[in-house]
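Structure, as structure tokens:
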Amino acid sequence: MFEIILVEPRGYCQGVKRAIEILENTANESNTANESNEDNQKSTFVFNEIVHNSYIVRTFEEKGVTFIKDPYMIPTDSKLVFSAHGISPQIRSLALDKNNEIIDATCPLVNKVHKEAIKLAQDGYHIIYIGHNGHDELRGVVGEIEEIGGTYSIIETLEDINDLDIQSNSEKIAWLSQTTLNVADTKIITDELKRVFPQIVTPKSSDICYATTDRQLAISKAATDVDAVIVIGSPNSSNSKRLTEVANDHCENVFMIDTPAEITDQFIKNLEELQIKIIAITSGASVPEILVQETVQKLNHS
Ligand code: SF4
């Protein structure tokens with residue numbers, strides 16, 4: 001039997017709750033129209049995962065929702081939901097050209113970064129965007145900059161600053177960031193950017209959202225007093241991976257799991273061999289509480 005500490009806050013943020021509600025309503029409308037053979041039957045598609053969580057995606061697939069990633073798969077005459085991570089204007093246009101009904105579940109805090117990017121690009125700034133290459137949120141923001149012919153560089157690490165091909169005396173440089181970054185690492189990167197480019201324009205308020213910040217702060221405190229930390233989150237969830245990084249800074253035994261199915265007999269045996277007695281559990285902003293409760297049950301019944 002382990003002593004389990006449930007870290008607060010954990011799990012769903014407001015942006016994720018909102019996106020899931022929007023998709024639930026849309027999928028229910030589609031299903032109702034299909035069941036009653038109404039004329040306006042339209043299937044529900046989502047561009048990218050609505051939120052980065054495998055359980056949520058699977059649950060919606062079981063309700064008839066189709067997730068697509070490839071722009072060439074954009075349907076015609078359907079309901080197309082844009083995920084919490086936001087969308088580029090190019091994908092939006094493509095979807096509208098195919099006569100889709102657009103339902104936008106982009107988190108308002110991601111939209112805030114889109115607006116900042118548009119304004120800075122319109123004012124002629126070169127934007128240094130700190131984010132994870134290939135992430136859905138990044139693609140949406142750089143799409144906005146490209147749409148108005150702006151210029152940008154993407155950096156992910158402190159070392160990437162050395163590779164920036166920007167004159168240090170360029171007058172118009174600004175930085176923006178993804179909403180789900182590691183708060184401490186990003187501070188180191190932005191301090192260095194300010195040192196190299198003292199004229200760089202900084203966002204008025206941090207682009208890293210409150211949910212990311214609060215969850216990282218909570219796990220950094222909890223992880224110091226326990227033998228192990230379990231972070232629940234899917235491997236493609238940026239904020240869940242950042243929670244794991246932060247926990248690793250404060251605790252030797254950190255495990256990231258996607259679902260409670262990973263709490264196997266072997267997993268428990270490993271914990272016992274490591275003489276783990278107290279475990280802190282947290283979950284990423286896209287993780288439903290049911291996965292936390294099932295994890296606790298499995299650990300309690302070991
Ligand atoms: S993690 Fe932050 S930016 Fe992302 S959906 Fe949640 S509140 Fe919005």
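Here are a few things to note about the model shown:
- Selection within the range 265-302 - among the aliphatic types (A, V, I, L, M) and either touching a Lys or Arg at 6+ places or on another chain (Cβ under 6 Å) or within 16 Å of the ligand (Cβ to nearest atom) (or both): Ala285, Val287
- Inside the range 107-127, residues that are within 12 Å of the ligand (Cβ to nearest atom) and either in a helix (DSSP H, G or I) or closer than 12 Å to Val201 by Cβ (or both) make up a count of 7.
- Yes/no for Glu144 being crowded, with 22+ Cβ neighbours inside 10 Å, of a type in the set (Asp, Glu) and either modelled with pLDDT of 95 or more or within 21 Å of Ile50 (Cβ to Cβ) (or both): yes
- Only one of Leu109, Leu94 that is more than 16 Å from the chain's Cα centre (by Cα) and at negative phi: Leu94
- Residue that is surrounded by the fewest Cβ atoms within 10 Å (Cβ to Cβ), among those in the range 1-50 that are under 19 Å from Gly86 (Cα atoms) and β-branched (Val, Ile, Thr): Ile22
- Subset of the range 2-59 [at pLDDT below 95 and on the phi > 0 side of the Ramachandran plot]: Asn37
- Some residue of the range 262-275 being within 21 Å of Ala218 (Cβ to Cβ) and either in a helix (DSSP H, G or I) or open to solvent by less than 70 Å² (accessible area, probe 1.4 Å) (or both): no
- Condition met for Ile91 (away from the ligand (no atom under 16 Å from the Cβ), over 27 Å from Val113 (Cβ atoms) and touching a residue at least 12 places away in the same chain (Cβ under 8 Å)): no
- Sole residue being within 16 Å of the ligand (Cβ to nearest atom), crowded, with 16+ Cβ neighbours inside 10 Å, farther than 28 Å from Lys69 by Cα and β-branched (Val, Ile, Thr), chosen from Ile219, Ile208: Ile219
- Listing of strands (runs of 3 or more DSSP E) fully contained in the range 1-95 that carry 3 or more residues being within 24 Å of Ile257 (Cα to Cα): 3-6
- Residue within the range 292-301 that is under 23 Å from Asn53 (Cα atoms) and not in a helix (DSSP H, G or I) present: no
- Taking the criterion of being surrounded by 16 or more Cβ atoms within 10 Å (Cβ to Cβ) and either more than 16 Å from the ligand (Cβ to nearest atom) or more than 19 Å from Asn133 (Cβ to Cβ) (or both), the residues of the range 165-182 that qualify are Ile173, Ala174, Trp175.
- Among all positions in the range 234-249, there is no residue which is outside any helix (DSSP H, G or I), crowded, with 21+ Cβ neighbours inside 10 Å and among the β-branched types (Val, Ile, Thr).
The values are calculated or read from the model by the stated rules, or taken from the named source; none is laboratory data. In this text the structure is predicted, and so the values were computed from the model without any measurement. When we count neighbours, we look across all protein chains shown, and the Cβ atoms used for this are built from the backbone with ideal geometry, even at glycine. Only protein heavy atoms, including side chains, enter the accessible area calculation; ligands, DNA and RNA are left aside. Shrake-Rupley method; radii C 1.70, N 1.55, O 1.52, S 1.80 Å.
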